[in-house]
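Inspection log for the structure reproduced underneath, given as structure tokens.
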Amino acid sequence: MFESLSSKIDKALKTLKGQGKITEINVASTVKEIRKALIDADVNYKVAKSVTDSIREKALGREVLIAVSPGQLLVKIVSEELTELMGGTKEDINTKGDPAVILIAGLQGSGKTTFSAKLASFLKKQNKNVLLAACDIYRPAAIDQLKVLGEQVGVEVYSEPENKNAVQIAKNAIEHAKKNNKKIVIVDTAGRLAIDEQMMKEIEEVKASVKPSETLFVVDSMTGQDAVNTAKTFNERLNFDGVVLTKLDGDTRGGAALSIRAVVDKPIKFISTGEKMEALDLFYPDRMAQRILG
Ligand code: GDP
């Protein structure tokens with residue numbers, strides 16, 4: 001994960017490691033290299049500039065402890081700044097409600113259906129009684145896919161293959177949940193290959209009618225800057241509560257993970273690192289920063 005970014009930041013920090021003390025000159029060149037590494041990793045320019053300005057200020061403003069070398073100090077400051085950039089602390093999803101409804105949104109292929117099943121499995125392991133609702137009405141294969149995954153994780157899937165009204169299906173799923181003592185309904189919605197008005201309207205309508213306690217936006221981290229732009233558009237329409245970053249097991253550069261919080265001001269809540277049902281993790285900004293710093 002983020003190999004190229006990690007090695008570039010490591011290289012930038014190494015140049016300081018041999019130095020006796022922090023000076024404006026050696027910090028400036030290290031910070032410049034870090035900024036370049038972030039931009040190469042697809043971090044939005046403004047975000048890269050603001051985080052590296054902050055690293056420089058902290059490095060020059062902080063007393064260098066005798067015991068800490070400039071290199072170590074910089075590693076610590078960069079780690080703190082990257083953690084902050086990604087939101088600081090882990091944020092949980094809200095599962096309050098009877099039943100609580102979790103709405104899953106995103107483009108087609110982002111990993112919504114896979115994530116819906118993973119989340120169902122994750123919540124089931126916490127002894128929650130979960131129902132999956134198949135509301136991707138345009139891709140008949142999506143319903144079958146969710147059914148297969150639901151069976152795999154042992155969670156019931158509610159679907160109405162003949163019904164083309166996503167709002168109605170979602171409402172009926174909630175009624176079904178109430179009757180069957182299910183405490184959480186995960187609603188998998190339709191996506192398109194690109195943002196289109198009809199898709200946005202439909203998901204807005206679903207959201208307005210089911211009043212979710214949590215709306216999660218799923219995005220493929222491999223799409224870099226596009227991931228951030230798509231997040232922005234979805235957030236303007238849906239005002240979602242959190243982001244799920246998928247495909248972090250691929251050769252992704254890191255820009256989406258690092259920029260989304262700063263650009264959209266919504267936390268990343270989960271990361272997906274593979275196709276298997278177990279490949280799901282909560283998002284800890286400090287752990288991710290540590291990973292980037294190697
Ligand atoms: P949807 O159209 O948004 O519902 O996307 P799907 O859940 O169908 O996922 C699209 C493809 O990406 C499928 O082949 C999934 O197996 C795959 N996929 C989903 N999440 C991940 C992930 O975290 N890593 C990898 N490598 N593949 C994933």
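Only the coordinates and a few stated rules stand behind these numbers; no lab work does. Quantities reported herein were computed from a predicted structural model and do not represent experimental measurements. FYI the Cβ positions are ideal-geometry reconstructions off the backbone, even for glycines, and counts take in every protein chain you see.
Filtered by the rule that a residue be over 11 Å from the mean Cα position of the chain (by Cα), within 13 Å of the ligand (Cβ to nearest atom) and either farther than 13 Å from Ala227 by Cα or assigned to a helix (DSSP H, G or I) (or both), the range 239-272 gives Asp249, Gly250, Asp251. Can you find even one residue in the range 107-128 that is of a type in the set (Gly, Ala, Ser) and in contact with a Ser or Thr (Cβ under 7 Å, 6 or more places away or on another chain)? Yes, the range 107-128 contains a residue that is of a type in the set (Gly, Ala, Ser) and in contact with a Ser or Thr (Cβ under 7 Å, 6 or more places away or on another chain). For the range 188-230, taking the residues that are touching a Leu at 6+ places or on another chain (Cβ under 7 Å), part of a helix (DSSP H, G or I) and under 14 Å from Ile137 (Cα atoms), the one that is nearest to the ligand (Cβ to nearest atom) is identified as Ile203. Contact map, the range 126-140: residues that are within 10 Å of Val185 (Cα to Cα) paired with residues that are near the ligand (Cβ under 10 Å from one of its atoms), Cβ distance under 9 Å, separation 6+ or inter-chain. Pairs shown: Leu132/Ser116; Leu132/Ala117; Leu132/Leu146; Leu132/Leu149; Leu132/Asp188; Ala133/Ser116; Ala133/Leu146; Ala133/Asp188. For Leu193, the criteria (1) more than 12 Å from Ile104 (Cβ to Cβ); (2) touching a residue at least 60 places away in the same chain (Cβ under 8 Å); (3) surrounded by 18 or more Cβ atoms within 10 Å (Cβ to Cβ) hold in every case but one, which is (3).
What helices (runs of 4 or more DSSP H), lying completely within the range 29-142, carry at least 2 residues that are more than 19 Å from the chain's Cα centre (by Cα) and farther than 30 Å from Ala177 by Cβ? Let's see the steps before the verdict.
Details: elements: 45-61, 70-85, 112-124.
Helices (runs of 4 or more DSSP H) meeting the threshold: 45-61, 70-85.
When the residues of the range 70-113 are filtered to those that are surrounded by fewer than 22 Cβ atoms within 10 Å (Cβ to Cβ) and hydroxyl-bearing (Ser, Thr, Tyr), the one that is farthest from Ala28 (Cα to Cα) is Thr95.
Restricted to the range 93-127, and to residues that are within 10 Å of the ligand (Cβ to nearest atom) and among the hydrophobic types (A, V, I, L, M, F, W, C), which residue is farthest from Leu238 (Cα to Cα)?
Step one: of the range 93-127, the residues within 10 Å of the ligand (Cβ to nearest atom) are 104-118.
Now drop any that are not among the hydrophobic types (A, V, I, L, M, F, W, C), which leaves 104-105, 107, 115, 117.
Working: Ile104: 11, Ala105: 9, Leu107: 13, Phe115: 19, Ala117: 22 Å.
Looking at residues that are within 10 Å of the ligand (Cβ to nearest atom) and among the hydrophobic types (A, V, I, L, M, F, W, C), I get Ala117.
State whether the residues of the range 89-102 include one that is in contact (Cβ under 8 Å) with a residue 12 or more places away in the chain, within 17 Å of Thr246 (Cβ to Cβ) and not hydrophobic (A, V, I, L, M, F, W, C). Checking the range 89-102: not a single residue is in contact (Cβ under 8 Å) with a residue 12 or more places away in the chain, within 17 Å of Thr246 (Cβ to Cβ) and not hydrophobic (A, V, I, L, M, F, W, C).
In this structure, does Lys147 turn out to be basic (Lys, Arg) and not in a loop (DSSP other than H, G, I, E, B)? Against the criterion (basic (Lys, Arg) and not in a loop (DSSP other than H, G, I, E, B)), Lys147 qualifies.
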